[in-house]
Ligand code: PHE
C-alpha cells in the first residue's frame, strides 16, 4: 500500500498495513503458514458434479446474508446445494447498504433516522466503488447489474490542507513541477552520473521537462496544468496566480493528496452499479431465492457434530451438513460454540475499525453548476477527511454529496454525536472548502456510524499482527467454515467477501464430492 497519508490516515487496512501484503505472505511462508496456492483457485460447483457421481448435494446453513454469505449461497445453489441463510438484520446486504427516501436506519445506543431523500435519490452508505480487476464486476456482468464509471480522481475537485483549498490539478502541477525541477538540476550537476550514462541523462531530462512542464532552464514556473481563473476560449485564459515557491508548496502539504489514485485499488477508472450498490445484493438474493434467506434470525449457538452442524437461532434450530459463518469476527466470537478456545481467540484477534459517512441531499447541484465538479473526491486534512461528489445523474435536480467519509478516531468522534450534530459539524467543515453555499439548500441528510450498526459493529477490521489466527480461520473448524473480507488481502472491499466465499465454496464442494 502506498502512503497516501491523507486518505489512509488511520485507514491502514488489514494485516498488510506495516509491510504490505507481500511482506505478510513472505513472513507467513517462513512460518509455514501460507496456504498452498492451488487451494485458493475458485472451482465453481456444477450440478453435473452430482449427477455424474451419484452423490447428493449437501445441506448448508450460511450465517449472514452480507456479500460473502450471499455469494456462497449463490455459488452453492447453482450446483443444487440446499442452502439456508440466517440473517440477524432486517434485510440482506450487510454493509452493502444503499439508503433511499423512506428507509429507516437504526443505531445501537442512538436515535433512529429516516432517510428523506427525494425520488430517485440514493446514498451508498457502505461500499461505493469497484476497481476494474475486482470480482464484483464479474458478478455484475453475470447477474445483469448495469455499471457506470465512478469518478475517483477529479482534477477539478479540491485539496484542502492547512486551511487552504486548491484544485487537485494545481496541487499536482506544482508537486510534479518542483520534483521534476529538482531532479533535472541534480542530473545536470552530475550528482547522478554514477547511475546514468550521458544518453540516460538526456532521456531523463526530456521526460522531466514533460513531467513537470519545465522551462528551458529546467525551471518550474507554473504551467497551464495548474488551471485558470478564466479558462481559454475565444481568447487566452487568465492563469491562476502563482505558483508559490517550492518551500510554500511543500509546506502546504497538498502533495499528500495527489497520489491516492496511484494505488492498484484506487486507480481510475473505477465503477459503481447504476442506481445504487445494493443492486448487487438484490440480484444475488433473487438468484438465491428469498425463501432461502431468513431475516431477523439471530444465531445463538453453533454446534459441530460428528455428522453435521447444528445452528440455534432465536426462532429455532437447523441441522445441516456444513455451516459457512460469514459474520464479522468480533460478532462471531460472542456466539457460544463448541469449536474450541483457539477459534474463539482467533476470532477475537482482528480489531474492528470505526467508519462513518454522511449523505447530504441538496436541491441544487451547485458543485456542478458553480465549481464544475462532476464526480470525484475532495481530499482534506479536516476530520471529515473526504467529500465525495456523485458520479451519476449529472445535471439532475437533486444530488447527494458524501459530506464525510472517515475512519478510526474521526469516525468515532462523529459516531458519538447525534445525527443533527454530525450534520452541523459536517456543514461547518464543508463550508471551509465550499463557502456559504454548503450550508444552504440542504434538503435532508442521513449518517451512518458502522461501529454502531447492530450485528456488524465496525466498518471493517484490522489484524494487529501476523500470526496463526488468520490462517486458522481460513481452514474449516470441523464442519464450520469462515468467510468474509476479513479473511483476505482485500479487507474493506466487496471483492474480499466474494473471493473468500468462493474459496470456501471450492473447498466445501471438494470435500462433499470426496466424502462417501
Ligand atoms: N474499500 C474502501 C474504499 O473504497 C476502503 C478502503 C480504502 C480500502 C482505501 C482500502 C484502501 O474506500
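Any read-out appearing in this document is the output of simple, stated calculations on the displayed coordinates, not a laboratory observation. Computed from a prediction, not measured in an experiment: that's the story for all the values here. Because the Cβ atoms are built from the backbone with ideal geometry, glycine has one as well, and the counts that use them run over all protein chains shown.
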- request: Determine, for 196, 498, the number of other Cβ atoms within 10 Å of each Cβ, and report the residues in order from fewest to most.
  value: 196, 498
query: Does anyone have the angle between helix 168-188 and the longest principal axis of the chain? Alpha-carbon axes, 0 to 90°, nearest 10?
result: 70
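Rank-order 142-149, 90-97 by packing density, defined as the average count of other C-beta atoms within 10 Å over each peptide's residues, highest first.
Those peptides, ordered most packed to least, come out 90-97, 142-149.
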query: Against the longest principal axis of the chain, how steep is helix 279-288, in degrees 0 to 90 to the nearest 10, with axes from Cα atoms?
result: 20
field: Label-point gap, in nm, between residue 369 and residue 211 - each point 7 angstrom along Cα→Cβ
entry: 4.3
message: Taking 0.36 nm per residue of sequence separation and subtracting the Cα-Cα distance, how much length would be gained by fully extending the chain between residue 268 and residue 428, in nm to one decimal?
response: 54.6 nm
- prompt: Computed FRET efficiency, Cβ-Cβ of residue 301 and residue 112, R0 25 Å: what is it to the nearest 0.05?
  reply: 0.30
message: If a paramagnetic tag sat 7 Å from the Cα of residue 228 along the Cα-Cβ line, which residues of the range 351-378 would have the backbone N under 17 Å from that point?
response: 371-373
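Determine the gain in length on full extension of the stretch residue 409-residue 513; use 0.36 nm per residue of separation and subtract their C-alpha separation, reporting nm with one decimal. Could you put the intermediate results ahead of the total?
Numbers: separation 104, 0.36 × 104 = 37.44 nm, distance 4.79 nm.
Once the chain is fully extended between residue 409 and residue 513, it gains 32.7 nm.
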message: Report D for the chain in µm² per second (integer): Stokes-Einstein, Kirkwood Rh on Cα pairs, 10 °C, 1.306 mPa s.
response: 64
- prompt: Using a Förster distance of 45 Å, how high is the FRET efficiency between residue 221 and residue 351, based on the Cβ-Cβ distance and rounded to 0.05?
  reply: 0.40
query: Sorted by packing (mean other beta-carbon atoms within 10 Å per residue), highest first, where do 211-219, 164-172 land?
result: 164-172, 211-219
- request: Rounded to the nearest 10 degrees, what's the angle between the helix 67-78 long axis and the longest principal axis of the chain, both from Cα atoms, 0 to 90?
  value: 50
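Which value at 222 nm does the chain reach when only helices count, each DSSP H run of 4 or more adding -39,500 (n - 2.57), with the total divided by all residues and rounded to the nearest 500 deg cm²/dmol?
On the way: 16 runs with 161 residues, N = 516.
It lands at -9000 deg cm²/dmol.
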- prompt: How many angstrom separate the Cα center of the range 77-110 from the Cα center of the range 279-334?
  reply: 12
query: How far, in nm, would the chain grow between residue 420 and residue 59 when pulled straight, counting 0.36 nm per residue and subtracting the alpha carbon separation?
result: 125.3 nm
message: Can you tell me what share of the DSSP beta bridges in the chain is antiparallel? A percent to the nearest 5 is fine.
response: 75
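Relative contact order of the chain, please, whole-number percent, based on alpha carbon pairs below 8 angstrom and at least 6 residues apart.
On the way: 1026 pairs, mean separation 122.1, N = 516.
RCO, the chain: 24 percent.
Normalised by the number of residues in the range 286-332, what is the relative contact order in percent for Cα pairs under 8 Å and 6+ residues apart? All intermediate terms of the calculation are to be shown ahead of the outcome.
Values: 43 pairs, mean separation 11.0, N = 47.
Computed value for the range 286-332: 23 percent relative contact order.
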- prompt: For the range 459-500, rounded, prolate or oblate, judged on the Cα gyration tensor with a ≥ b ≥ c (square roots of eigenvalues), a/c < 1.5 rounded, else prolate if a/b > b/c?
  reply: oblate
task: Within 10 Å of each residue's Cβ, count the other Cβ atoms and sort 366, 486, 460 from fewest upward.
output: 366, 460, 486
Spin-label model distance (nm) - residue 133 vs residue 246, 7 Å beyond Cα toward Cβ: 3.4
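Kindly state, to the nearest 0.05, the FRET efficiency for residue 468 paired with residue 319, given R0 = 30 Å and r defined as their beta-carbon distance. It would help to have the intermediate numbers written out before the result.
Working: r = 31 Å, r/R0 = 1.02.
The pair residue 468/residue 319 has a calculated efficiency of 0.45.
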message: At a threshold of 8 angstrom on Cα-Cα distance, excluding pairs fewer than six apart, so keeping six or more, what relative contact order does the range 358-516 reach in percent?
response: 18
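Going by the alpha-carbon gyration tensor, a ≥ b ≥ c the square roots of its eigenvalues, is the range 124-245 rounded (a/c under 1.5) or, if a/c is not under 1.5, prolate (a/b greater than b/c) versus oblate? If you can, show how the numbers build up before the last one.
Numbers: a/c = 2.60, a/b = 1.53, b/c = 1.70.
Judged from the Cα gyration tensor, the range 124-245 comes out oblate (a/c at least 1.5, b/c at or above a/b).
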